[in-house]
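Worksheet: one structure, shown below.
The values are calculated or read from the model by the stated rules, or taken from the named source; none is laboratory data. Every value quoted in this text rests on a predicted model; they were computed, and no experiment measured them. Positions of Cβ are generated from backbone atoms using ideal geometry, with glycine treated the same way; all protein chains shown enter the neighbour counts.
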Amino acid sequence: MAIQLTVKQPDTDEAHFSRPARLCEFTQLPLTLGGEGCALILPELQGEAALIAQDELGFFLQSLSEQYRIEAGQRQLAPHEKHRLHHGESFLLHNYEISFYRNFAKAKLSRQSGFLTAAAKCGIALILLMQLFAITLLPGLMKKESFWLGQQMHLDISARCDRLNKMLQKADSKDPVVQAMQQAFRQELQQRTKYLRRQSRHMSRSQRRKMQETLQNIENELAALQDVSVYGIYPEPDLQARLKTIIQAESQP
């Protein structure tokens, strides 16, 4: 297990008062602190002043020299005395303030956590793809869909006009009122057909929808006029029989 030590030398000199601490990381124990030849070299010190090691109970700090003062746990350590170190604890060696940290290894993710992480990443990727689709491809598809819908409505209107023309050609009502109404529908249909030939490409979707509704209403009215006589067919009056009856009644005493 790796450990980290931050080393700071208290200094009242204004030029060095805010000097940042020195960070050192070690992966092999035990390590010595002191002068030249030690794992952690501290200027102004000579020889091995202290030792940091690990046993079955954990990490500990040991004083190795009577020459330098070591304070840990709010007390001064005797020569060769050990002190248990805890994560985040600080101690003084001569005029250096040293903080001890354990560098914990990252815990392995469980299968469930890995699955949730992968699912979250896939969900984010899917959302990004959907946004990219909405930005780049969707406008073009909507434009194409609008175009084909307009063509479909145009074909439906043409089919309705052809169907109405056939209905008017087959109309053979003898009722003069019905004939007049059919003639009015015929003229209106001709005007609408001419308008469609000129303006069909420029009509909006709402205009085509209104045209469909109007043609449907005309078709419904023409269907209702078939086989219908507004005034009906009345029999001719038999005047001769009526006159004979009156004469006979007058000739009787």
List pairs: first in the stretch 187-213 and part of a helix (DSSP H, G or I), second among the acidic types (Asp, Glu), Cβ under 7 Å, 6+ apart or cross-chain? GLN212/ASP156
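Looking at LEU243, LEU239, LEU215, can you tell me which residue is modelled with pLDDT under 70 and either closer than 20 Å to THR193 by Cα or surrounded by 10 or more Cβ atoms within 10 Å (Cβ to Cβ) (or both)?
Values: LEU239 fails: either closer than 20 Å to THR193 by Cα or surrounded by 10 or more Cβ atoms within 10 Å (Cβ to Cβ) (or both); LEU215 fails: modelled with pLDDT under 70.
Result: LEU243 is the single residue among LEU243, LEU239, LEU215 that is modelled with pLDDT under 70 and either closer than 20 Å to THR193 by Cα or surrounded by 10 or more Cβ atoms within 10 Å (Cβ to Cβ) (or both).
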I need the full set of residues from the stretch 35-52 which are within 10 Å of SER65 (Cα to Cα) and small (Gly, Ala, Ser), in order please. GLY47, ALA49, ALA50
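Pick from LEU42, LEU23: which is closer than 14 Å to TYR96 by Cα, under 51 Å from the mean Cα position of the chain (by Cα), of a type outside the set (Val, Ile, Thr) and at pLDDT 85 or above? Give the steps one after another, and end with the answer.
Values: LEU42 fails: under 51 Å from the mean Cα position of the chain (by Cα).
After ruling out the rest, the residue left standing is LEU23.
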